[in-house]
Each structure stands twice: as C-alpha cells, then as structure tokens.
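Quick note: the coordinates plus some simple rules give every number you see, no bench work behind them. Source: prediction; values computed, not measured. Note that each Cβ is placed from the backbone with ideal geometry, even for glycine, and that neighbours are counted across all protein chains shown.
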Amino acid sequence: MNRQADPAPDEKAKLLDENEQLRTALESSLEENMQLAEDRDRLRDRVVMLARELKLATTTFMPVRASSDQTLDLRELQQSQTEEELRVAFEELQVLAEELELANTGLQRANEDLEARVEARTREITRTNAELSRSELRFRTLVEGMPQLVWRAVGVAEWTWASPQWRAFTGQSLEESLGLGWLEAFHPDDRAAARGAWAEAHTRGGLVFEGRICHAGEGRYRHFHTRAAPVRSAEGRVLEWLGTSTDLDDILSLQARQAVLVGELQHRTRNLMAVMQAVMLRTIKGSQSLQDFQRQIDARMQALARVQGLLSRRDAGTRVAFDLLLREEVSAHVTLNAEGNGRQVSIEGPADIPLQSSLVQTFGLALHELMTNAVKYGALSTPSGMLRITWEERPTGRDGAPRLFVDWRESGVTNMPEPGARPRGSGYGRELIERALPYQLGAKTRYEFTPDGVHCTIEVDIPDRAEVLEKRHG
C-alpha cells in the first residue's frame, strides 16, 4: 500500500515496447552515422596523402625539368595521374560529406522525434501515475474504512500486506503478519483448518473458512469468517490473493441468544396457555352470570397482558423485578405518583428484586386478585381505607438464602366479614394465594381478615443474583 504507484500492466508493456522500437531506430541511425564518419575520415586521409604526393612530385619535377625531356614526360605523367586521383578523391569526399550531412540531418530529426515522443509519453505516464495515486488513495481510504480485516497474499498463504485493522485488532506489526506470521493470531485449534482451506484454494478458485482470531485489547478469541479471491493476469495466472476476515462473534452470540429466546417463548406460551385455561375454568366456576363471567375474564386477561408486557420489555437473560410487577398492577387501578404512592396507597421496598420468569404470571394474578378485592370490598372501597404494601429481603431460605417477603395490609375497613364467613366475590384470589403460590413457587403465604381489613403475607425464593448478572452481561 505504501509503495509508489506503477503504470497499469498493459500500459507498462506498451511503453516498454515503444521504447524498444525507438532504441533500435536510434542505434541503427547512430551506426549508419558512425560508418559515414569513418568513410569520411578514411577519404580525408587519402586526400591528404595524395596532396603530399602531388607536392613531392612538383618539387622533384622543377630541378630536373631542364636536364631531361624523357624524365620530364615521365614526371608530367605521374603528376597528371596524381592530380586526377586527387580530383576523384575530392569528388568522393564531397559526395560523402553530403551524405554525412543528410545522415546528420536525419539523425537530428530522429532525435527531435524521439524527444517529442518521449516527452508525450512522459506526460502520459505522469497523468497515469497521478490517476493511479488517486486510485490508490481511494482504495486505501476504502480499505481502512471497512469493518473487515483486509490482507493480501501470494502463493499458498504467504501474506504480503495486512491492513491497519488487522494490526490494531491482533496487535501484530506488519512485519510479524507477513509470510505465515498471521497464523499466530488464530486459535491453535483452528490453524490446521486454515492451512487446509489454503491448500484447496487454487483448485476451488477461492478461499473460505471460519476461525477464531485473538483480540489483543480484550485478550480473548472472536469468531471470524475469512474469504479471499484470486487476482488473475490476462492469461489467467494467479498474481495474488485479496482477502477479508469478518467478525462473526456478535452474530453468533445473537443467534445463540435467539435460540434461547425462542425456547423461552415456547415454554412461556405453553405456560401461558395452561394459566389461561385454569383462569378460564375457575372464572366460569365462580361466575354468577354470563355478564359476571365476561367482566371477570376481561379483567384477568388484562392482568395477564400486563404481565406479558413486562416479560416482553425486559432484556434477554434478565428477570422481572417485583417492584415493577407491583407498580404495573397497582397503577392499573389507582393513580400513583413518582414515588409509587397514591391517595390511599403506600408502597415501600427495595428495587430490582428478581422473580422467576416462569412464575411471574401466577404472582401477577395473585396481586391482581388482591387489588381487585381491595377496590370492590376492601380498603379502596371506602374513603377512610388505607392500603400499605411493603417488601424486603430476608435470609430465611435454605442455608440462609435470601427470600422476598411481601406484606399486604389493609386498614380502615368498617364492614369486614366475620371469621369463617363465606368470602366475598369468587374467592379466586384467596385460592391463588393459599394454594397456587405454595404449590408453584414453594411460597409461604398467610391470608386473614383482621377487624379493619385484609392482611396477607407472601414469602418466595429469590433467584441467584450472580446467575442473573451472568446472563445479563454474557
């Protein structure tokens, strides 16, 4: 990624071919020019030699001119031959000089053409390199902005580059990840699978495998999906591999959580259907008329709906807290302020005491029946009445395990029934508290009529908080 951008392979091959042609033409012109220069020098030496011979012949001819006519004719003949050779040599030299001048002119033009073509190609290469630099910058920006870990490799698993994401995630330097160094970041149990996938990559035309990579910051392994595709030449030869490793850990966790939620939903649905069937049968049994049945069943279905709303809003792995269940039911009948108190209602207790999810429905129905009876016949049916609900943790379970203790106390009721009298209404609420809660929740309950109102206590186990926190935070 940090190396200087090169021209594209096809463009580079074209440039090299054109440069080779220009080099060949220039070498041919230079060879021809050198040959002409050698011929010119050789002819020039011959002219100099002939000129010397002519001068020597003339010098020798003058003293002997008067002494011998025969010698004179011989000397004149020699001088005439030398002059003719000299003239021919001069003519050849002139022709050769003209040819050399033409060759030099052609060579100059070739040089000018070469310089123009080199300049044009240089401008083209400069533009190409600038475009490649911009393309490389865009590619680097794209790669560094990807959530995946990106890398490049050659041969069989020989990495040549790793993205900043890989280095930041694994803590490896670029040098440590090169070659087969990247395998050190994978879980030891997954390295054989990675090597096997690479061994089949060339025949399959791609690389795909899953493995765990160690997160340097968290100090734990996360699941990754790794894949790569080959970069091929025009002839189909694999030049290198471009690959990515995508984090699947959150997706796998969500899938596991979804499976848990689906199982819980199925269990809750079966439990809800059983509760609804029991409520339906008990409501029919305690109803005096069809209108009475409709009124009671509507109220109880709404109570179940409120409980389901709480179960649906909670985070996966957490439990419904008792204070939320109580406030939801009480506020459905009377108005509460921010502290959870009303004109005739007072509630007080710690927040976030968890309840077992499978038993929230029965507990919610019991609170609904208590609240309905208070509105119809108890503390909330008379202006002088008062309802006080308190709860706390008590170490009264087995081995000192904490339990939730709920105290429901009504006061100011003036028309309380006599002890042993038939309960007002259907008696379903008292049946839930005295029979269903002990049976389903293992609860300890007490329900009694005092002179000025109902007094009820419920004591149930609290789920292990360590288990709740573990499920909440994974």
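Centre-to-centre separation between the Cα atoms of region 290-364 and those of region 202-270: 43 Å. When you have a sec, figure out the Kirkwood radius of region 214-280 from all distinct Cα pair distances and drop it here in Å to one decimal? Value: 16.6 Å, from the Cα pair sum.
Residues Glu98, Glu131, Glu235, ranked from the fewest to the most other C-beta atoms within 10 Å, line up as Glu235, Glu98, Glu131.
Using only side-chain charges placed at the Cβ, +1 for Lys and Arg and -1 for Asp and Glu, the dipole size of region 257-473 relative to its Cα centre rounds to 600 debye.
Ordering Ala278, Leu242, Gln255 by the projection of their Cα atoms onto the charge dipole of region 221-295, which places +1 on the Cβ of Lys and Arg and -1 on the Cβ of Asp and Glu, puts Ala278 at the extreme positive end. Summarised in one figure, the compactness ratio Rg/Rh of region 257-473, Cα atoms and Kirkwood Rh, is 0.96. Placing R0 at 41 angstrom, the Cβ-Cβ distance between Thr105 and Gln81 gives a FRET efficiency of 0.70 after rounding to 0.05.
Of all aspartates and glutamates in the structure, the ones whose alpha carbon falls short of 18 Å from that of Lys444, not counting any fewer than 8 places away in one chain, are Glu369, Glu392, Glu393, Asp399, Asp407, Glu431, Glu434, Glu459, Asp461. The modelled label-to-label distance between Lys14 and Met280, using points 7 Å beyond Cα along the C-beta direction, is 8.0 nm. Residues Phe363, Phe322, Phe90, Phe209, arranged from fewest to most other Cβ atoms within 10 angstrom of their Cβ, appear as Phe90, Phe209, Phe322, Phe363. For a modelled paramagnetic label at Arg195, 7 Å from Cα along Cα-to-Cβ, the residues of region 157-181 in reach, with backbone nitrogen under 16 Å, are 157-159, 179-181.
With a Förster radius of 56 Å applied to the beta-carbon distance between Ala229 and Ala97, the computed FRET efficiency rounds to 0.25. A Förster radius of 35 Å combined with the Cβ-Cβ distance from Glu392 to Leu252 puts the calculated FRET efficiency at roughly 0.25. Within straight-line reach of Lys14, meaning a Cα separation under 13 Å, sit the following aspartates and glutamates at least 8 residues removed in sequence or on another chain: Glu124. Of the trypsin sites (Lys or Arg not before Pro) found in region 155-200, none is in coil by DSSP with at most 15 other Cβ atoms within 10 Å of its Cβ.
To make sure I understand, if each residue's beta carbon is the centre and we count other beta carbons within 10 Å, what order do Ile389, Ile347 fall in, fewest to most? The partial results should precede the final answer.
Details: Ile389 21, Ile347 18.
Ranking Ile389, Ile347 by Cβ neighbours within 10 Å, fewest first, gives Ile347, Ile389.
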